[in-house]
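A.B. asks: One structure follows; several queries about it will come next.
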Amino acid sequence: MNYQNSLAFAQQQDQLDPLQHYKSRFYAPQLKGQDAIYFCGNSLGLQPKSAQAYLDHEMQNWADFAVEGHFKGDTPWFSYHELLAAATARVVGANPAEVVVMNQLTVNLHLMLVSFYRPQGKRYKIITEGGAFPSDQYALESQTRFHGYNPDDAIIELFPREGEHTLRTEDIIQSINSHADELALVMMGGINYYTGQLFDMAAITAAGHAAGALVGFDLAHAAGNVVMQLHQWEVDFAVWCSYKYLNSGPGGTSGVFVHERHGNNPDIPRFAGWWGHDASVRFQMKKGFIPMPGAAGWQLSNAQILPMAVHRASLELFDEAGIANLRQKSEKLTGFLEFLIDDLQVNKNTLEVITPRDPAARGCQLSMLVKQNARLLFDKLTEAGIIVDFREPNVIRVAPTPLYNTFEEVFRFAEVLRQCLTTR
Ligand SMILES: *Cc1c(COP(=O)(O)O)cnc(C)c1O
C-alpha cells in the first residue's frame with residue numbers, strides 16, 4: 001500500500017474503510033473532557049455499547065426467575081456457554097466443540113498444563129519464549145516444581161540473537177529439534193506481549209510434534225487480533241483472555257481450545273468439576289466423573305453468566321465484522337503507523353520499533369523502544385490526549401485496533417509524537 005503523510009490521506013482511508021462505523025459502537029474513553037485517542041486495546045479493550053443490554057438481560061432473568069434461570073428464559077444459564085461456542089470458534093479457527101469459555105486465563109493455563117504437561121522419564125522439558133508474560137512464567141515454573149523438577153533445568157527459554165529483538169522461526173525450530181529427546185511441551189505466546197511478535201504457530205506446532213512433544217499457545221495478545229487456524233494447525237491446546245482485543249471487560253472471562261483428538265479422549269488426566277460432567281446426567285449428582293466431549297469437559301464450575309454476557313455482546317461484533325476483514329484493515333492501519341514513525345526519521349538511538357516489520361509476523365501492536373526518557377515521552381503523550389501503555393524499562397506499546405481506531409487517529413498520534421520528540 002502506498003501511504004502518504006497527510007491528514008487528507010488519513011481521512012480518505014477512513015472514508016474508504018468498510019468497517020469505519022464500528023467505532024460508534026464503542027464508548028470512547030475521556031481525557032480532559034475529550035475523546036481520547038485510545039491505542040490500548042492490547043491491555044483493556046473498549047466497552048461495546050451493546051454490552052450493557054446483554055448484561056441487563058441476565059440481571060433481569062436473575063430478578064425474574066432466580067434459580068429457575070438455569071433452565072428458563074431464552075438464554076438458560078445451564079447451557080449459556082454453548083451460546084458462545086460458535087463465535088469463539090470462529091475467532092480462533094476451531095470447531096465449536098474444541099472451545100469453551102470459562103474461568104480466567106491463568107487458571108485455564110494451569111488446567112491445560114495439568115492435562116498436557118505430562119513429563120515422563122527423560123522427556124520433561126518445556127521450551128518457551130524468553131521474556132514471556134510473567135503469569136505464564138510463574139505458571140510454567142510452578143508446574144515444573146509441582147512435578148518435582150527444578151524450573152531452571154526443566155524450562156528452556158529462547159532469546160533473540162545478539163543485536164536482535166525478536167526470535168527467528170528457524171532458531172525456534174532448531175532449538176526444538178536439538179532438544180527433541182527431552183521435550184515434553186512447547187508452550188509459547190501466540191504474540192509476545194512486549195515485542196508484539198506474532199509467532200509462526202503452524203511451523204512451531206509441526207516442529208514440536210515432530211519432536212514428540214505437545215504444543216500449546218497463550219493467545220492473550222492474538223485472540224481478536226490476528227487470523228488463526230488452531231484446528232488445522234493441529235495445536236494441542238490454547239488459552240486466551242477476553243478483556244484485551246476481545247473487549248469483554250476488566251477481569252473478563254477466558255477461552256480455551258483443546259484439539260478434538262484430545263477433547264474426545266476421556267482418559268486424558270485432568271482436574272475435574274461438575275460443570276465438565278456429562279450434561280445429560282449432571283443433575284443426578286452421582287459419583288464418578290464422566291467428561292463431556294470436547295473442551296467443555298474441562299469446565300469446573302457453573303458458568304460466570306455476567307462476564308459471559310458481556311463477552312457475548314462483544315463476540316457478536318466480531319462475527320458481524322468478520323475476523324478476516326478486521327485483519328485486512330489492521331494490516332493497513334498498523335502499516336500506516338509504521339510508515340509515519342519511519343517518516344519521523346528519528347535516530348535509532350532515540351527511538352526504535354522492535355516489532356517485526358513483516359505484517360505476517362505481527363498483529364496490530366507496534367512496540368517502540370525509547371532509549372532516553374521513555375517515561376517522560378509516555379507522560380507527554382498522555383498529556384496530549386493519547387492513551388498508550390508503558391512497559392518497564394523503556395517500551396511504549398501502541399496498538400491501533402481495527403474495530404474502533406481510525407487512520408486519522410494514527411495520523412494525529414504521529415504528529416504528537418513528532419512534537420514530543422522535537423521538544424525534548
Ligand atoms: C494479559 C496476559 C495474561 C493475564 O492473565 P490473567 O490470568 O488474565 O490475569 C497472561 N498471559 C499473557 C500472555 C497475557 O498477555
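A.B. asks: Got at least one residue in region 387-401 being open to solvent by less than 50 Å² (accessible area, probe 1.4 Å), among the acidic types (Asp, Glu) and within 22 Å of the chain's Cα centre (by Cα)? Before the answer, list the steps.
C.D. replies: Going through region 387-401, the residues open to solvent by less than 50 Å² (accessible area, probe 1.4 Å) turn out to be 387-390, 394-401.
This time we only want the ones that are among the acidic types (Asp, Glu), so: 389.
This time we only want the ones that are within 22 Å of the chain's Cα centre (by Cα), so: 389.
Scanning region 387-401, I find at least one residue that is open to solvent by less than 50 Å² (accessible area, probe 1.4 Å), among the acidic types (Asp, Glu) and within 22 Å of the chain's Cα centre (by Cα), so the answer is yes.
A.B. asks: Go through region 201-229 and give me each residue that's more than 16 Å from the ligand (Cβ to nearest atom) and assigned to a helix (DSSP H, G or I).
C.D. replies: Once the filter is applied, which keeps residues that are more than 16 Å from the ligand (Cβ to nearest atom) and assigned to a helix (DSSP H, G or I), region 201-229 yields Ala202, Ala203, Thr205, Ala206, Ala207, Gly208, His209, Ala210.
Listed here are the residues, each with its yes/no results for (1) under 29 Å from the mean Cα position of the chain (by Cα); (2) farther than 28 Å from Asp343 by Cα; (3) outside the structural domain of Gln304 (by TED's automatic domain parsing); (4) of a type in the set (Phe, Trp, Tyr).
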| position | (1), (2), (3), (4) |
| --- | --- |
| Gln11 | no, no, yes, no |
| Leu16 | yes, no, yes, no |
| Leu19 | yes, no, yes, no |
| Ala28 | yes, yes, yes, no |
| Gln47 | yes, yes, yes, no |
| Asp64 | no, yes, no, no |
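A.B. asks: Report the residue count in region 201-213 for those that are touching a residue at least 60 places away in the same chain (Cβ under 8 Å) and either open to solvent by 40 Å² or more (accessible area, probe 1.4 Å) or closer than 17 Å to Gly93 by Cβ (or both).
C.D. replies: 1
A.B. asks: Filtering region 342-357 down to residues that are over 16 Å from Asn394 (Cβ atoms) and touching a residue at least 60 places away in the same chain (Cβ under 8 Å), which residue is least open to solvent (accessible area, probe 1.4 Å)?
C.D. replies: Looking at residues that are over 16 Å from Asn394 (Cβ atoms) and touching a residue at least 60 places away in the same chain (Cβ under 8 Å), I get Pro356.
A.B. asks: Can you tell me how many residues in region 238-249 are more than 10 Å from the ligand (Cβ to nearest atom) and open to solvent by 10 Å² or more (accessible area, probe 1.4 Å)?
C.D. replies: Of region 238-249, the ones more than 10 Å from the ligand (Cβ to nearest atom) are 238, 245-249.
Right, trim to open to solvent by 10 Å² or more (accessible area, probe 1.4 Å) and you get 245, 249.
Number of matching residues: 2.
A.B. asks: Could you grab me the full set of residues in region 13-46 that are assigned to a helix (DSSP H, G or I) and in contact (Cβ under 8 Å) with a residue 40 or more places away in the chain?
C.D. replies: To start, the set of residues in region 13-46 that are assigned to a helix (DSSP H, G or I) comprises 13-16, 20-25.
Hits for region 13-46 are Gln13, Asp14, Gln20, Tyr22, Lys23, Arg25.
A.B. asks: Next question. What are the pairs, 6+ residues apart or on separate chains, where a residue within region 368-389 that is in contact (Cβ under 8 Å) with a residue 40 or more places away in the chain has its Cβ under 7 Å from a residue that is charged (D, E, K, R) and open to solvent by less than 20 Å² (accessible area, probe 1.4 Å)?
C.D. replies: Taking only residues 6 or more apart or on different chains, the pairs are Val388/Arg397; Asp389/Arg397.
A.B. asks: Name, by its number, the condition in (1) in contact with a strand residue (DSSP E or B) (Cβ under 7 Å, 6 or more places away or on another chain); (2) aromatic (Phe, Trp, Tyr); (3) assigned by TED's automatic domain parsing to the domain that holds Met188 that does not hold for Tyr38.
C.D. replies: Among (1) in contact with a strand residue (DSSP E or B) (Cβ under 7 Å, 6 or more places away or on another chain); (2) aromatic (Phe, Trp, Tyr); (3) assigned by TED's automatic domain parsing to the domain that holds Met188, Tyr38 violates only (3).
A.B. asks: Every residue in region 358-380 that is more than 26 Å from Thr423 (Cα to Cα) and either open to solvent by 10 Å² or more (accessible area, probe 1.4 Å) or assigned by TED's automatic domain parsing to the domain that holds Arg90 (or both), please.
C.D. replies: Here is the first cut: in region 358-380, the residues more than 26 Å from Thr423 (Cα to Cα) are 358-364.
Across region 358-380, the qualifying residues are Asp358, Pro359, Ala360, Ala361.
The values are calculated or read from the model by the stated rules, or taken from the named source; none is laboratory data. None of the values given here were measured: they were computed from a predicted structure. When we count neighbours, we look across all protein chains shown, and the Cβ atoms used for this are built from the backbone with ideal geometry, even at glycine. To get the accessible areas, we keep the full protein, side chains included, count just its heavy atoms, and leave off ligands, DNA and RNA. Shrake-Rupley method; radii C 1.70, N 1.55, O 1.52, S 1.80 Å.
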